[in-house]
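The values are calculated or read from the model by the stated rules, or taken from the named source; none is laboratory data. What you see is a predicted model, and the numbers here were worked out from it, not measured in a lab. Note that each Cβ is placed from the backbone with ideal geometry, even for glycine, and that neighbours are counted across all protein chains shown.
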């Protein structure tokens, strides 16, 4: 038995699943994925460049936006190697340690995004409910501390997952349901008892996504109460308009995440490509749409983009 487990742990690798139902459309699928990656990487890089170059954007709100863009780049780059390898080159084999590393980074950046959105909601709360105290509450040092806290929290939550999986023997057919490695997918495969893994996974989901979403909701309840106290309808709309970009970012992050969870729990009999599609939406849509939303809805960023596009060429 001992030698059996040793052989398992030393030779385990995983087989990624692409889109077998779409073999006739694989070229179009590859082109679509490349386009989505290009939009995500170029869009977030542009946001970072504009915030760095534009002195007027050196404010807490845009510091958090910079962190969100870095995080979205991290999400895209975490999935890019295996997704393109499996779809474009049919390279579906991934080593055990490489799979655990990819799982770590995907979940690390997902948890980070939730924390960043919470920090951005606090920024909007202070800006609207206590505008006179905004600069004294959200100092550069406090913003840096919040950013570091988000990173440390995400790291501490995700770091144990790899060790909890590595202690288990894998002796089933190690075929994953996606073209990248996710914790819910991996814990279906071990032969040993995965109770601790499942309980820890549920704990960090509730303590991160659950608590963060409730605090974001609370901040907007307080914001709405403050806005409704403004006498002028025009002023109310103007104040609420400063939250539109953040609200869109919250929705495009949490709605796909909840949809993936609902499909996984209540639509288990659905075709496999439905599960794959929902997971792709969860990982692809926020990094792609966030820079587009902030470019459209933020006047300062929009103005800088116009300046870049209309710069005279010699």
Next on the checklist: So for segment 183-196 (the condition being more than 30 Å from residue 87 (Cβ to Cβ), more than 20 Å from the chain's Cα centre (by Cα), part of a helix (DSSP H, G or I) and at pLDDT 85 or above), does at least one residue qualify?
Outcome noted: yes
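Scan segment 70-83 for residues that are farther than 13 Å from residue 284 by Cα and modelled with pLDDT under 95 and jot them down. Please lay out each step first, then the result.
In the first step, residues of segment 70-83 are kept if they are farther than 13 Å from residue 284 by Cα; the result is 70, 81-82.
Listed by number, the residues that qualify are 81, 82.
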Checklist entry - Looking at 105, 109, which one is buried (at least 23 other Cβ atoms within 10 Å of the Cβ), assigned to a helix (DSSP H, G or I) and touching a helix residue (DSSP H, G or I) at 6+ places or on another chain (Cβ under 7 Å)? => result 109
Checklist entry - at pLDDT 95 or above, surrounded by fewer than 24 Cβ atoms within 10 Å (Cβ to Cβ) and in contact with a helix residue (DSSP H, G or I) (Cβ under 9 Å, 6 or more places away or on another chain), is that true of residue 87? => result no
Next on the checklist: Out of everything in segment 116-133 that is without any contact (Cβ under 8 Å) to a residue 60 or more places away in the chain and part of a helix (DSSP H, G or I), what residue ends up being surrounded by the most Cβ atoms within 10 Å (Cβ to Cβ)?
Outcome noted: 116
Next on the checklist: Contact list please: Cβ distance under 8 Å, first residue in segment 65-77 and on the phi > 0 side of the Ramachandran plot and without any contact (Cβ under 8 Å) to a residue 12 or more places away in the chain, second residue outside any helix (DSSP H, G or I) and surrounded by fewer than 23 Cβ atoms within 10 Å (Cβ to Cβ), pairs at least six apart or on different chains.
Outcome noted: none
